[in-house]
1. If the Cβ limit is 8 Å and pairs must be 6+ apart or interchain, which residue in the range 129-146 that is farther than 15 Å from LYS110 by Cβ and among the hydrophobic types (A, V, I, L, M, F, W, C) pairs with which residue that is at pLDDT 95 or above and surrounded by 12 or more Cβ atoms within 10 Å (Cβ to Cβ)?
2. In the range 7-33, how many are without any contact (Cβ under 8 Å) to a residue 40 or more places away in the chain and assigned to a helix (DSSP H, G or I)?
3. Condition test on SER49, is it hydroxyl-bearing (Ser, Thr, Tyr), under 19 Å from PRO3 (Cα atoms) and in contact (Cβ under 8 Å) with a residue 24 or more places away in the chain?
4. Say we look at the range 57-104 and pick out the residues that are modelled with pLDDT of 95 or more and of a type in the set (Phe, Trp, Tyr); which of these is most open to solvent (accessible area, probe 1.4 Å)?
Amino acid sequence: MKPKTPSQSEVTMSELVLPNDTNLLGNLIGGRLMYWMDIAGALVASRHSNRVVATVSIDNITFKHPVRMGEMVIIKAKLIYTGTTSMSVLVKVYAENLKSGNTILTNQAKMVFVALDEAGVPVPVPPLVPQTEEEKELYEEERQKRLAFKK
Ligand SMILES: CC(C)(COP(=O)(O)OP(=O)(O)OC[C@H]1O[C@@H](n2cnc3c(N)ncnc32)[C@H](O)[C@@H]1OP(=O)(O)O)[C@@H](O)C(=O)NCCC(=O)NCCS
């Protein structure tokens, strides 16, 4: 299979936080944000593999700052590692205040997706070739984690 670079499948998704997305304090509900993060991650994995994908794991998500109603949520998702049938995606969430223009990083998570065929059976994905120093570091870090996971 032809190798691909992380930038070939990168996704940036933007959402406006509306009243229906918030709790009684006007802050974005965690579950809604996790849904958007899952979609962004799945888009990256589908783009890379050109397959239907399933989420198999999400590492811990911390909520560092509340996101307020009326703010823009920007989700940047990028492939950092591929196994045989699995793909690790780093998902970063930013909140942009549209009045001040200030943007802060509010969340980050790593998600693993598996490419599936029409019968739902895992299938191999194209290898990932990291290009930048940062991409190479993230790839190696994830490779080590996966080795530890398989032990
Ligand atoms: C996806 C699924 C078909 C994979 O089946 P499986 O029997 O676990 O298949 P495998 O054991 O061959 O694992 C497939 C790959 O996922 C990886 N994997 C499985 N569980 C993992 C985990 N918790 N973390 C990281 N990687 C994992 C395996 O290492 C393997 O990677 P590789 O092929 O790159 O080496 C099956 O787990 C499934 O249907 N899960 C439910 C998916 C779902 O419904 N998601 C939505 C949840 S709300």
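1. Pairs that qualify, where the first residue is farther than 15 Å from LYS110 by Cβ and among the hydrophobic types (A, V, I, L, M, F, W, C) and the partner is at pLDDT 95 or above and surrounded by 12 or more Cβ atoms within 10 Å (Cβ to Cβ), are VAL129/LYS4; VAL129/THR5.
2. 4
3. On the way: hydroxyl-bearing (Ser, Thr, Tyr): yes; under 19 Å from PRO3 (Cα atoms): yes; in contact (Cβ under 8 Å) with a residue 24 or more places away in the chain: yes.
Yes: the conditions hold for SER49.
4. TYR94
The values are calculated or read from the model by the stated rules, or taken from the named source; none is laboratory data. Keep in mind the model is a prediction, meaning the values are calculated, not measured. Heads up, the Cβs are rebuilt from the backbone with ideal geometry, glycines too, and the neighbour counts pull from every protein chain shown. SASA here: full protein model, heavy atoms, side chains in, ligands and nucleic acids out. Shrake-Rupley method; radii C 1.70, N 1.55, O 1.52, S 1.80 Å.
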